[in-house]
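Okay, so here's the structure we're looking at.
The values are calculated or read from the model by the stated rules, or taken from the named source; none is laboratory data. For clarity, every value in this text was computed on a predicted model and none was experimentally measured. So basically every Cβ, Gly included, is an ideal-geometry build from the backbone, and we count neighbours across all protein chains shown.
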Amino acid sequence: MAKVAADIRLSLHHLLEVPNIFTTSSSQSSLVYFIFPVLLVAVTTIILTWRIVANGMTDAKRPRPPPGKLALPIIGFGDTMKFMAAFSRRETSEYVAQKIKECGSPVFKTTILGRTTVFLDAPDGVKLLTSATDDILIKNSVPASFQRLLSKGWMNYRGQEFKALKNHASDHFFGLDILQRYLPIVERNVVEQIGRSWMGQEDGAVIESHSNIKTLLLGVIAELCLGLTDSTEIGKLKPLFEIFSQGMFVVPVNLPGFQFYRSLQADKQIIRFLKQQITRRRKELKEGRASPSQDFLSVLLTVPTKDGYYYKDEEIVGNLKTLLWAGYDTSATTVTLALRYVAKDQKVYEQLIQEHSAIARSKQDNKCLTWEDLRSMKYSWRVILETMRVTPVIASIMREANNDFEYKGFTIKKGWKVWCTSAQSSQNPDLIDNPDVFDPSRFEQPGVGVPRYTYFPFGMGYRQCPGMELGKMVILVTLHHFLKNFKWSLVNPEAKILYAVLPYFDGGSLIRISKGEYF
Ligand code: HEM
C-alpha cells in the first residue's frame, strides 16, 4: 500500500516537473520541446492575423455590390410594396432610414418593381446622377406604365437626339429672350382666369385650390405650347390629363377595369386632340393666319433642328403632351403647396405682401409685370424653394446604369436602376438643420443653409428640367396676383399630403378666400 502511494507520488512529480532550461545542459532537449510549440503558436497567430487583416483589406478594396437583399428573380417583389406604400404616404424618409440601418450603409440596393435598384447618398450621389451623361447613366423612367404613357416624348430621348431636341427647344421656346416675350401672355392668362373662376365667387367662398390652380396653369401652358385660348377646350383637356396622370405609377394592365386602361384611353383622346391641333395649325400657317414662331407647335412644324431635321407628327404629339403634362401639374402643385405654407405662417405672408406691394408701388397706372419685377421677387422665390424642399414635387432623381461602373467602392451593374431621393438629400437631418421646419431664410445664402448637391427641385446638369425658368415665371406671376386679389385661410389645415407621382391633398386643398385689393 505504502509502495503504491510512493509510486503515485513519483509519477505525479514526474508529470509536474518543470525542467530548468537555463541551468542544466541535460535539459536542452526539454528546451526544444518547450520553444517549438510556443514558436509554432506565435508564427501561426501572426500568419492568421496577417491573412485576416490582408484579406479584409483586399475585400474592402475589391469593388463589391452595395449591401442589401434582392428579391428572387421574376417571382419576388422585394421592397416594391414597402417602397410604394412609403412613397405614397410621404414616408420615404422613414423607409430610407430603416434601409440604411439594416444595410449599414447609405448606399444600398434592393428590388423595386422587379428591378435591382441602388439608392445613392447625397451630396456625392446627386452630383453623379445629375452630371453623368448617357454613356454612364441614362434617363429611363420607371415604372413601365410611366414610360409607356410618355413614350415618343422628351423624357425618352437619349444621346444625340436628346441633345438636338434640348437645343431646339432652348433656341425656340425656353430661352430667356423668348420667355420675356411670353411674360405678358402668361400674366394676361393668369389675370383672365383668376377673374373668370375666382373673382366671380362670393367673398368667403371655399375653393378647392389644387384643382382650380391646375386648370389655371394648364391654360397658361396650353397657350404657350399650342396657342390655345378657348377655356372650354382647356376644360375638356384637364380631366383627360388628370386620368392620364393617374396611370403613371400603376401596374400596367391594359384591361377594362384597370387604371392603366383608363389612362391609355385618356391618352388616346389627348393624342387625337393634339393631332387636330397640328392639322388646324398647318392650315393656318398655309393661309398666313399663324406665325412660324408664335408658340412651340408652330416652331415644331416649321423650324428644322440644326441638323436639318423636321420632327414627325408623332414626335410633335409626344413632345407637346410631355410639355403640357410636365408643365402644368408641377407648377400648379407648387403654387397650391406654397399657398398652404404661407397661410400657416403670418410672418412669411407679411414679408411677401411687403415685397409685392413694393413692386406694385413702383409702377404707375398698374402696368404689367416686367422681367425685372420677377427678378426682384427674391423673397418670394425663397418661399417657393422652401415649399419645394419641404414637399418636393418630384422627390427623386431616377436613372439607369448604361454600363457597369464603380461608386464609393461598390460595383453598379448595367441595367440597374440608380436613384437618389430627397429623403437622403434635402430632407436629410444630417445635411439640413431641422428639415421639417418651413424656413425660407435657409436660402438666403446660396450653398449655406442648403448645401450644394443636396437639393434638386428641377434636377440639375445634363437632364435638368428645361421648363425651370418658365415654371419660375408662371409661379411668381400667379403668386403675385393671388397676393394682390385675395387673402386666404386653410379650411383643412391638417389635410395629409400624399403622393401619386406628384403630391396631392387628402380631401383636397380647401381654402377660404376674402376678396380685396391687398396692395
Ligand atoms: C415647379 C415647376 C417644375 C418642377 C418642380 C419641375 C421639376 C422637374 C424635375 C425634377 C425634372 C427631372 C429632372 C431629372 O430627371 O433630373 C423635370 C424634368 C422635365 N421637366 Fe420640369 N419641372 C417644372 C416645370 C416644368 C415646366 C413648366 C415644363 C415645360 C413646360 C417642364 C418640362 C420638363 C421636361 C420636358 C422634363 C424632362 C427633361 C429631360 O428628360 O431631360 N417642367 N422637371
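Of the listed requirements (1) more than 16 Å from the ligand (Cβ to nearest atom); (2) acidic (Asp, Glu); (3) farther than 19 Å from Leu183 by Cα, Glu315 misses just one: (1).
What do you reckon, is Leu431 more than 27 Å from Ser245 (Cα to Cα), touching a Leu at 6+ places or on another chain (Cβ under 7 Å), surrounded by 13 or more Cβ atoms within 10 Å (Cβ to Cβ) and not basic (Lys, Arg)? The answer is no for Leu431. The residue that is farthest from the chain's Cα centre (by Cα), among those in the range 345-370 that are assigned to a helix (DSSP H, G or I) and among the charged types (D, E, K, R), is Arg361.
Of all residues in the range 333-350 being touching a strand residue (DSSP E or B) at 6+ places or on another chain (Cβ under 9 Å) and among the aliphatic types (A, V, I, L, M), which is nearest to the ligand (Cβ to nearest atom)? Going through the qualifying residues, I end up with Leu337.
Looking across the range 106-129, the residues that are farther than 10 Å from Cys420 by Cβ, touching a helix residue (DSSP H, G or I) at 6+ places or on another chain (Cβ under 9 Å) and not aliphatic (A, V, I, L, M) come down to Pro106, Phe108, Lys109, Thr110, Thr111, Gly114, Thr117. Within the range 403-418, the set of residues being surrounded by 18 or more Cβ atoms within 10 Å (Cβ to Cβ) and either among the hydrophobic types (A, V, I, L, M, F, W, C) or away from the ligand (no atom under 15 Å from the Cβ) (or both) comprises Phe405, Tyr407, Phe410, Ile412, Trp416, Val418. Screening Leu216 with (1) aliphatic (A, V, I, L, M); (2) part of a helix (DSSP H, G or I); (3) farther than 29 Å from Leu510 by Cβ gives one miss only, at (3). Go through (1) of a type outside the set (A, V, I, L, M, F, W, C); (2) modelled with pLDDT of 95 or more; (3) under 24 Å from Ser211 (Cα atoms); (4) exposed (fewer than 13 other Cβ atoms within 10 Å of the Cβ) for His481 and report which single condition fails. That leaves (4) as the condition not met. Any residue at all in the range 455-475 that is surrounded by 14 or more Cβ atoms within 10 Å (Cβ to Cβ), modelled with pLDDT of 95 or more, away from the ligand (no atom under 16 Å from the Cβ) and in a loop (DSSP other than H, G, I, E, B)? No.
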